[in-house]
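Every read-out reported here was derived from the displayed coordinates using simple, explicitly stated rules and does not represent laboratory data. Because the structure is predicted, anything quoted here is derived from the model rather than measured. Neighbour counts are summed over all protein chains in view; Cβ atoms, including those assigned to glycine, are modelled from backbone coordinates with ideal geometry.
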């Protein structure tokens, strides 16, 4: 049961690493107007804010993995999952408070939505762990893990790519 929690941290870390951190080759030209400089600074600031929010999600996944390795009971697992859920909810709330450049608004909205689904999606596993029902926990967490590895990962990556393209002006 505990080994199934460990890949969660890896999934979230990979998604966070790939979102909002694309390295674009820079040209030798520099902006010629104050407006361009301001816009670039705003985009950079926004990108850093998104990365910080997603970094907190990656840290939450890592903390969950560490807690899973040391948990001694279903109640320990429930607490670890609840802490993860709370962290992801806070990350979604933080993302919602950002003011994205207009071109990045759709990507940000999609990113926020999938974070909220990741947070709410773990609830059945929390309930099974609280109840000490190992069979139900295994079933609910396996289904959750599949969504993390598949749908959620794809959607997080797509939203991050959408933000990157918007900030790159494509």
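Points to keep in mind about this one:
- Residue 131 versus residue 44: modelled label distance in nm, points set 7 Å from Cα along the beta carbon direction: 5.3 nm
- Ranked packing of 65-75, 115-125, most packed first, by mean Cβ within 10 Å: 115-125, 65-75
- Using the Cβ-Cβ distance between residue 117 and residue 63 with R0 set to 22 Å, the FRET efficiency from 1/(1 + (r/R0)^6) comes to roughly 0.65.
- Relative intensity, log₁₀ I(q)/I(0), of the range 105-170 from a Debye sum that treats every alpha carbon as a point, q = 0.26 Å⁻¹: -1.00
- Cβ-Cβ FRET estimate between residue 96 and residue 142, R0 fixed at 35 Å, reported to 0.05: 0.70
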